[in-house]
Amino acid sequence: MTNPALQEVIALLGHPAAGNPAQYLFERVVARDSLDWRFLTLEVVPERLPEALAGISAMGFHGCLLAGPLRQPAVNLVASVSPAAHFAGGCNLLEHHDDGRLIGHLTQGRGLLEAIRLHADPTAAPAVIIGTGLLARATALELTLAGVPELLIADPWDDDPTDFVSAVNAVEGGHRSADPPVATGGFLMRDALGSRERERADTHNC
């Protein structure tokens, strides 16, 4: 912010942006902490994301949240990204530095892990992740770093999630296994600490 007399502005960029609860939640945090901040919800089509992020930087916004299809292309439009954002290939939070740089972060995996901890120890039992999308990758990373004993990865939509499984097993302290596979009616990866093969699940029995 260039002038302390101006309000700090944070924003949600989404497509669609309507119905996203971020503004509702953030405004209550701002009010609770007596912050003189303003939150905006803005509709941005993916094709115009580069212009929108340039505007965020040029207007001195404190930062912004990204929703929907804006999260993945943003990693190639910012100055740098956090390790979690790099691993998962997307970011949902952009931090604006005083020099104009935007730094991308991915907080979804950590948020989900903390939500799990409210009810159970995520390292006490094996975990199952269905899918290989952004949230699945973020969650797999956080579970692996937390020390989950076994990670079962099942994806009925992805013909070959080899890269995802390999990336999880390459995380320092990781080497999580996806064996035995959970039958979901799609392609599953079985990774037994380095031994990889693909199996087509022919039943819905676990």
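In terms of the mean number of neighbouring beta-carbon atoms within 10 Å, the peptides 8-14, 94-100 order highest first as 8-14, 94-100. Here's how it looks for Leu40: its modeled amide H is under 5 Å from those of Ile10, Ala11, Leu12, which are all 5 or more places away or on a different chain. Taken one residue at a time, the phi angles of region 44-53 give Karplus couplings (6.51, -1.76, 1.60, θ = phi - 60°) of 9, 6, x, 5, 10, 4, x, 5, 5, 5 Hz. Gly and Pro are set to x. Here's how it looks for Val81: its modeled amide H is under 5 Å from those of Gly104, which are all 5 or more places away or on a different chain.
Looking at the P(r) of region 8-106, how many percent of alpha-carbon pairs lie beyond 19 Å? Cα-Cα pairs of region 8-106 separated by over 19 Å account for 38 percent. A cut-off of 5 Å between modelled amide H atoms, ignoring neighbours fewer than 5 places along the same chain, links Leu152 with Ala127, Val128, Ile129.
Only the coordinates and a few stated rules stand behind these numbers; no lab work does. Since we're looking at a predicted model, the values are computed, not measured. Please note: Cβ atoms are built from the backbone with ideal geometry, for glycine as well, and neighbour counts cover all protein chains shown.
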